[in-house]
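**Q** Here it is, the structure in full.
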Amino acid sequence: MTMRGITLTAALGLSLVLAGCSDDGADEAVTPAATEEGTTESTEGTGDAGAEETDTTGGTADAAAAPMDDEVCVDFFQSGAVQLADRAETDRQMLDDAQVGDPASYGEISLLSQRIEDLVEDASADQAQLLERINAPFVEVRDAVLDDPDQTVSDAEITVPEVDTTDSAAAQEEFLSSCTS
């Protein structure tokens with residue numbers, strides 16, 4: 001492993017640890033609680049501003065909860081405390097909102113990209129193609145930062161290129177459909 005690779009790995013690990021430990025109270029998440037009918041309810045009040053919540057994923061949460069037999073599908077949609085599918089949606093939104101500019105947010109995108117690449121190795125040809133499309137914006141951001149001689153992943157501010165995430169989202173929907181059919 002090269003010195004740059006060691007530095008990158010150390011910086012990503014540190015930024016992810018720091019991101020997981022910080023609690024500035026600004027981004028309190030709504031935690032769903034299971035009900036008897038198998039649906040979820042918010043455990044926190046939404047106040048006047050959010051009287052009604054909508055599912056911005058188009059119902060993908062219910063579809064992803066369907067039984068899956070394929071190991072790659074399970075690994076992407078159902079394994080772990082935070083599934084790769086959810087992380088991909090969140091990271092695409094961060095890119096769309098231009099919220100990637102520090103080591104922690106960049107580290108999340110880089111780590112997600114590596115995890116998806118690991119899944120590609122075990123995937124069938126059709127699955128690999130969809131996973132590569134899902135991963136394309138994350139790889140583009142990761143490579144742009146690593147290839148820029150004027151910045152490092154540990155800089156206080158990281159400049160990432162503007163990327164189009166629409167095909168990635170469409171590929172994720174196609175992958176979900178293939179995993180649940």
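**Q** For the pair S79 and S154, how long in nm is the line joining their label points, each one 7 Å along Cα→Cβ?
**A** In this crude label model, S79 to S154 measures out at 3.1 nm.
**Q** Along Cα→Cβ, 7 Å out, is where each label goes; now give me the distance between the ones at D126 and T180 in nm to one decimal.
**A** Distance between label points: 1.7 nm.
**Q** Tell me, what % of the accessible area of region 63-175 is carbon and sulfur with a 1.4 angstrom probe?
**A** 46
**Q** If eta is 0.890 mPa s and T is 25 °C, what Stokes-Einstein diffusion coefficient results for region 71-181, Kirkwood Rh from Cα pairs, in µm²/s?
**A** The diffusion coefficient I find is 173 µm²/s.
The values are calculated or read from the model by the stated rules, or taken from the named source; none is laboratory data. Fair warning: this is a prediction, and the values are worked out from it, not measured in the lab. Glycine also receives a Cβ, built like all others from the backbone with ideal geometry; neighbour counts cover every protein chain displayed. Please note that ligands, DNA and RNA were not included when accessible areas were found on the heavy atoms of the full protein model with its side chains. Shrake-Rupley method; radii C 1.70, N 1.55, O 1.52, S 1.80 Å.
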